Each structure stands twice: as structure tokens, then as C-alpha cells.
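**Q** My questions all concern the structure below.
The values are calculated or read from the model by the stated rules, or taken from the named source; none is laboratory data. No experiment lies behind these values; they were computed from the predicted model shown. Positions of Cβ are backbone-derived with ideal geometry, glycine not excepted, and every protein chain shown enters the neighbour counts.
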Amino acid sequence: MEGSFGDTETAETEIDARFVSEAFKSDINAFLDRALTPDLQRAGRETTGLKSAPKASEEWRARVYQQGWLAPSWPRAFGGTGWTPAQRLYFDSQCADRDAPILMSSGVRTIGPLIIEAGSCEQKARYLPAILTGEHEWCQGFSEPHAGSDLTALSLRADLEGDQFVLNGSKIWTSFAQYATHMFLLGRVVPGSTRGDGLVFLLLEMKTPGVTVQPIPFIDGDAETNQVFFDNVRVPIDSRIGDIGDGWATAKQLMAIARSNNTTVGVLRRAFRMALRGARDAGGLDLPMQTQFADLEMQIDSFESVAARHLSDPGGMGISTPSSVLKLLATELHQAISALALEANPFGKLAQRKYLATRAATIYSGTSETHRNILAKAIGCPRE
Ligand SMILES: Cc1cc2nc3c(=O)[nH]c(=O)nc-3n(C[C@H](O)[C@H](O)[C@H](O)COP(=O)(O)OP(=O)(O)OC[C@H]3O[C@@H](n4cnc5c(N)ncnc54)[C@H](O)[C@@H]3O)c2cc1C
């Protein structure tokens, strides 16, 4: 593979990517001292899923927004911070170390950056400010009952009638649809088309007549996912990103964004801290357990280096699908941390819930098998 991790140029890039000034650090820490209340920190510590409890998430989101730091990855012109990759990683890690609630906003993380890259001027003006203020919450409508790993098997119809698309069908496993005001989705617009041909990428208001959300409870007690039904739902023709029939290209663009920041270093550090706290509550760590914890901490540090490298030079991994590398590494590490947490504290309620919740990490946003297939193809392995 070109640009392997060991060469001199890479080492320098990583050191640069980790540089953060003392002034920046003290700005961040002063804000966290001021803004993080004990209640918010408790909510952060007790988070086992992808988002902290709604009330704490909303309170924390509003405080970070008022500070102007809600969307560190966005360009400054659209309300981002203009921070370097190292500054973004530092903020993420400090939030984790200080037990801030987890803000897993699909708007900030995925559809906002896609709108910045590929949306019309009108879409940028309508959606980006509302994502930052929290007025709009987004969910992702890709998977269907018969289209998961094989996403291009999707069949939700998006028939073009005059200046509207008419949607019929259903989406499944839609995370947080019950709280969302908007959904981005893929529909089949060209009747009789197959696979990635004939699709359209649409932006939809969840309150549109004909949309019904039905929650699917999780084994750990949370209800994060839903099935969403569409019964003659009408969407204006200008609610699409990309050309009619070319929605798959837009979906791939979106997935590359979503998989790169699916599980951040901060999420891993939070899980690690939760595991250590649980182990101490359960009576401490013997030597073999200490070694396992140390090994996982080194893996988190290594992942941080890979993430830093990707943020500073997205093409620098020398592979055409770096988002698959990041998604695979982060989610498998997340599972390993929660498995060790459970081993260290088998009767801890949080350890149990966290373990169950992270089982899904290697399924959502593409399964590990799917990403291994993508990577194998990218480096030219034969299909079999
Ligand atoms: C918690 C959670 C949240 C989710 N949130 C969303 C969401 O917000 N929006 C959304 O659109 N979707 C969401 N999903 C759906 C998720 O993207 C799909 O579950 C995932 O893509 C797998 O699809 P599937 O469930 O149909 O499993 P399948 O595709 O049926 O796969 C079943 C098993 O077969 C394996 N497999 C399939 N094909 C191959 C192959 N070619 N080679 C090797 N192995 C293969 C898979 O890896 C898996 O282990 C979510 C899922 C979960 C669990």
C-alpha cells in the first residue's frame, strides 16, 4: 500500500497534526469548567448508546452552540470553527475526559457536511443554520426491510408526478426518527431500474402527511431505531441533492462522510473511562486485567493517530476508501472496550447496557464484513 504508516513523512504529519497551543487548550478548558454542570457530567457518564439522555443532550448542545463550537468540522463561513485537525481532536478528547454528554447529531456530522459539499445555495441557507440552532434534527433513511448490506436492492418508490416526488414504501432501523424533524433518504425514481441506477437522494420533512414512525425497542432497553412508513408522501422536486436518477453517487458521498466520523476518539475514550470506573467499583484490577486495559488504551492512541492523519490529509492513507478503515477500526475497538468492561464488572448495570449497545456498532453504517469487502476490493484482492 502506498504511503504506509511507518515512513518519515507520515511521522512528521502526525506530530504536526497533534500540535495544539497552550492558549487554545486554556480556552477549551475554561469553557468546559464554566459550562459543564455536575448534572451534565452525570448524564455523560451514564451514556451507553450513541446519544446522551435527550434533556442533557439538548442543554449541552445549546451551550456548545452559544460558544460557536457545535460544528468544528464545518467551514467558518457556514458556522464552523476553522479549527485545525489537532484542535478538533483536542476538543473531542477533552469533552470525553470531562464527561460531557455525547452529541451525536446527524445534522452536524453527516447531512450538514453533505449540504455544504453538494447542496444548492437555497438548501444551504434553509438547512445549515437550523441544524446549528437545533431547530432541525435529521435521521437517515437508507436501509429497507430487504436492503441492508445490499443497499442498492432498495425499493421505496419515488414516482415523479409534475413537480413532486410521491413516496411509497418503508425504511427500517432508522436511528432517532422519533425525534427527527427531517430525513434524508434514497428512493427509486426510475420505474424498473435496478441496483444503483435510477435512484434519487431526497430531503424530507418528517411532518409531511403520510409519514408514520414506529419505534423498535432494543435489547438494552433503549428505543433508538424505528421503522418509517411512507403512504403517498409528496416531496417537492427541488428537495433533492444531485440529479434525478443519480442518487447513488450522492449516497456514496454521504456514506464516506458518515463512516469517517461514525465513532470518534472521544467516544472511545469515554467508553474506556467507563470501563475503568466499573472495574474499580467491582474491586480493582489484577495484573492480567491491567495489561488488557493498557493494551486497549494503546489501541485508542493508535486510532487517534490514524484519525489525525485522515483529518489533516484525507487522501494520505494511500487507499481509496479511508472511511472504511476508520469505521472498522473504531467500531471493533469500541466493542473490545465494552467486552473488557463487562469482564471486569459483570454485574455492573452500565457495563451490561454498554456491552449490549455496542453489539450494533459493527452492523450500523455498514457491517464489518461489508467494510472488509470494500477494503479487499480497494487493494485488488480477488472477490473469492
Ligand atoms: C443500531 C442500528 C442503527 C441503524 N441505523 C440506521 C439508520 O439510521 N439508517 C439506516 O438507513 N440504516 C440504519 N441501520 C441499518 C444498518 O445499516 C443495516 O443493519 C446494515 O447495513 C446491515 O444490513 P441488514 O441488517 O439488512 O443485514 P444483512 O445485510 O442481511 O446482513 C446480515 C449478515 O450477513 C453479512 N453479509 C451480508 N452481505 C455480505 C457479503 N456480501 N459478504 C459477507 N457478509 C455479508 C452481514 O455482514 C451481516 O453479518 C442501523 C442498524 C442498527 C443495528
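**Q** Considering only residues that are in a loop (DSSP other than H, G, I, E, B) and not polar (S, T, N, Q), which ones fall in region 331-384? Show your work before the answer.
**A** Residues of region 331-384 that are in a loop (DSSP other than H, G, I, E, B), as a first pass: 345-348, 363-367, 379-384.
Matches in region 331-384: Pro346, Phe347, Gly348, Ile363, Tyr364, Gly366, Ile379, Gly380, Cys381, Pro382, Arg383, Glu384.
**Q** Kindly indicate whether Lys377 is within 16 Å of the ligand (Cβ to nearest atom), surrounded by fewer than 18 Cβ atoms within 10 Å (Cβ to Cβ), under 25 Å from the mean Cα position of the chain (by Cα) and not aliphatic (A, V, I, L, M).
**A** On the way: within 16 Å of the ligand (Cβ to nearest atom): yes; surrounded by fewer than 18 Cβ atoms within 10 Å (Cβ to Cβ): yes; under 25 Å from the mean Cα position of the chain (by Cα): yes; not aliphatic (A, V, I, L, M): yes.
Yes.
**Q** Among the numbered criteria (1) more than 16 Å from the ligand (Cβ to nearest atom); (2) in a loop (DSSP other than H, G, I, E, B), which single criterion is violated by Ser305?
**A** (2)
**Q** Still on this structure: Could you tell me which of the residues Thr225, Thr181, Thr174 is surrounded by fewer than 23 Cβ atoms within 10 Å (Cβ to Cβ), touching a residue at least 24 places away in the same chain (Cβ under 8 Å), within 13 Å of the ligand (Cβ to nearest atom) and not hydrophobic (A, V, I, L, M, F, W, C)? Can you show your working first?
**A** Numbers: Thr181 fails: within 13 Å of the ligand (Cβ to nearest atom); Thr174 fails: surrounded by fewer than 23 Cβ atoms within 10 Å (Cβ to Cβ).
On inspection, the qualifying residue turns out to be Thr225.
**Q** For region 146-155, indicate whether the set of residues that are more than 16 Å from the ligand (Cβ to nearest atom) and crowded, with 17+ Cβ neighbours inside 10 Å is non-empty. Steps first, please.
**A** Our first condition is that a residue be more than 16 Å from the ligand (Cβ to nearest atom); within region 146-155, this holds for none.
Checking region 146-155: not a single residue is more than 16 Å from the ligand (Cβ to nearest atom) and crowded, with 17+ Cβ neighbours inside 10 Å.
**Q** Scan (1) without any contact (Cβ under 8 Å) to a residue 60 or more places away in the chain; (2) assigned to a helix (DSSP H, G or I) for the single condition Leu311 breaks and write down its number.
**A** Every listed condition holds for Leu311 apart from (1).
**Q** Can you confirm whether region 156-164 contains a residue that is within 16 Å of the ligand (Cβ to nearest atom), more than 22 Å from the chain's Cα centre (by Cα), touching a residue at least 24 places away in the same chain (Cβ under 8 Å) and crowded, with 17+ Cβ neighbours inside 10 Å?
**A** Going residue by residue through region 156-164, those that are within 16 Å of the ligand (Cβ to nearest atom) are 156, 158.
Right, trim to more than 22 Å from the chain's Cα centre (by Cα) and you get 156, 158.
When the remaining residues are screened for being touching a residue at least 24 places away in the same chain (Cβ under 8 Å), the result is 156, 158.
Filter again for crowded, with 17+ Cβ neighbours inside 10 Å, leaving 156, 158.
Yes: region 156-164 contains one or more residues that are within 16 Å of the ligand (Cβ to nearest atom), more than 22 Å from the chain's Cα centre (by Cα), touching a residue at least 24 places away in the same chain (Cβ under 8 Å) and crowded, with 17+ Cβ neighbours inside 10 Å.
**Q** Which residues, counting only those in region 61-82, are among the hydrophobic types (A, V, I, L, M, F, W, C) and either at positive phi or free of Cβ contacts under 8 Å to residues at least 24 places away in the same chain (or both)?
**A** To start, the set of residues in region 61-82 that are among the hydrophobic types (A, V, I, L, M, F, W, C) comprises 62, 64, 69-71, 74, 77-78.
Residue satisfying the conditions is Ala77 alone.
**Q** Here is a check on your reading of the model: is Thr47 hydroxyl-bearing (Ser, Thr, Tyr) and either buried (at least 21 other Cβ atoms within 10 Å of the Cβ) or over 21 Å from Arg309 (Cβ atoms) (or both)?
**A** Working: hydroxyl-bearing (Ser, Thr, Tyr): yes; either buried (at least 21 other Cβ atoms within 10 Å of the Cβ) or over 21 Å from Arg309 (Cβ atoms) (or both): yes.
Yes; evaluated as a whole, the condition is true for this residue.
**Q** Going through region 111-145 one residue at a time, which ones are within 16 Å of the ligand (Cβ to nearest atom) and among the polar types (S, T, N, Q)?
**A** Selection gives Gln140, Ser143.
**Q** Within region 63-81, does at least one residue satisfy the condition of being more than 30 Å from Asn373 (Cα to Cα) and touching a His at 6+ places or on another chain (Cβ under 7 Å)? Spell out the reasoning first.
**A** At the first step, the residues of region 63-81 found to be more than 30 Å from Asn373 (Cα to Cα) are 63-72, 74-81.
Filter once more, so that each one left must be touching a His at 6+ places or on another chain (Cβ under 7 Å): none.
Within region 63-81, none of the residues are more than 30 Å from Asn373 (Cα to Cα) and touching a His at 6+ places or on another chain (Cβ under 7 Å).
**Q** Still on this model: Please determine whether any residue of region 36-48 is modelled with pLDDT of 95 or more, in a loop (DSSP other than H, G, I, E, B) and hydrophobic (A, V, I, L, M, F, W, C).
**A** Scanning region 36-48 turns up at least one residue that is modelled with pLDDT of 95 or more, in a loop (DSSP other than H, G, I, E, B) and hydrophobic (A, V, I, L, M, F, W, C).
**Q** Something else about it: Could you run through region 326-374 and say how many residues are more than 9 Å from the ligand (Cβ to nearest atom) and of a type in the set (Phe, Trp, Tyr)?
**A** Selection size over region 326-374: 2.
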